[in-house]
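Peer 1: Below is the structure I would like to discuss, written out as structure tokens.
What follows is calculated from the coordinates using simple rules that are stated; it is not laboratory data. No experiment lies behind these values; they were computed from the predicted model shown. All Cβ positions, glycine included, derive from the backbone under ideal geometry; neighbour counts span all protein chains shown.
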Amino acid sequence: MTSHSDSQSYVFEPGPRPSLPVRGLSLRFPVHRIYCVGRNYAAHAIEMGHDPDREEPFFFQKNPDNLILDGSFPYPDKSEDVHFEIEMVVALHEGGKDISPDQALDHVYGYAVGLDMTRRDLQGQAKKAGRPWEIGKAFECSAPCSAIVPAAAIGHPAKGRVSLTVNGELRQDGDLSQLIWKVPEMIAYLSGLFTLQPGDLIFSGTPAGVGPVQRGERLHGVVAPVGELSVEVT
Ligand code: MN
């Protein structure tokens, strides 16, 4: 049934590798890790009760199998306060350690529009207790994401509107030019802490205006130079 020797067999058949479609190509982008930048827009840091002049952005992670495409976002268990965060997503096709900022964009395959969905109540409890954030950030379906748009098609956007509406009403409104850490800086910084790999995604942070969602609401996010993403909360 299999050509593997006993020592090469898996205990059970591994699942498929998480991946995203690529806009305009019949190829999929295989995802390795998902890094997320926290407090990368000053106005959002302030709305969360932090002083962007005193605290630098930082990273946390989601799981690659938390990704879902546009369509429906199932409201998660154990939370009464699930928030949207619209973000530009950076997709790497080359990895490395200690990448310099001026080489960093060579590692970028393309960009996508993502939502860093957050169980804000559980994240808040974790923050207060000095505990990790996974229960607030890395739950099932917590990372809705569009297809990846190759940089070959759109370049490397450094400015452009980042916005989100809920049932047509504007809730988040910012611009990529307001990122505290620009894309080359986030790649350089991350690559000093981790060995980056092809397939890594970076959620680049969210502008001000985050807030709660309810079942039945429709979220529509736009990163103007990249594209859009629509999900209904179910
Ligand atoms: Mn975020």
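Peer 1: In nm², what is the average projected area of the convex hull enclosing the Cα atoms of the stretch 19-233?
Peer 2: 10.9 nm²
Peer 1: Oh, and also: Along Cα→Cβ, 7 Å out, is where each label goes; now give me the distance between the ones at residue 81 and residue 43 in nm to one decimal.
Peer 2: For residue 81 paired with residue 43, the spin-label model returns 2.3 nm.
Peer 1: Quick one, can you get me the convex hull of the C-alpha atoms of the stretch 159-234 expressed as volume per residue in Å³?
Peer 2: 121 Å³
Peer 1: What size of dipole, in debye to the nearest 20, comes out for the chain about its Cα centre when the only charges are +1 on Lys and Arg C-beta atoms and -1 on Asp and Glu C-beta atoms?
Peer 2: 100 debye
Peer 1: Still on this structure, please answer the following. Could you work out how far apart the two model spin labels at residue 69 and residue 232 are, taking each label as a point 7 Å from the Cα in the direction of the beta carbon, and quote it in nm?
Peer 2: Each label point is offset 7 Å from its Cα along the Cβ direction, giving 1.7 nm.
Peer 1: Continuing with the same structure: With θ taken as phi - 60° and the coefficients 6.51, -1.76 and 1.60, list the Karplus ³J(HN,Hα) couplings across the stretch 59-68 in order, rounded to whole Hz; mark glycine and proline as x.
Peer 2: 10, 9, 10, 10, 8, x, 7, 7, 5, 9
Peer 1: OK, next. What ranking do 71-78, 203-210 get when scored by the average of other Cβ atoms within 10 Å per residue, highest first?
Peer 2: The peptides rank, most packed first, as 203-210, 71-78.
Peer 1: Over the Cα atoms, compute the radius of gyration (one decimal) and Dmax (the largest Cα-Cα distance, rounded to a whole number) for the stretch 1-137, in Å.
Peer 2: 18.6, 62
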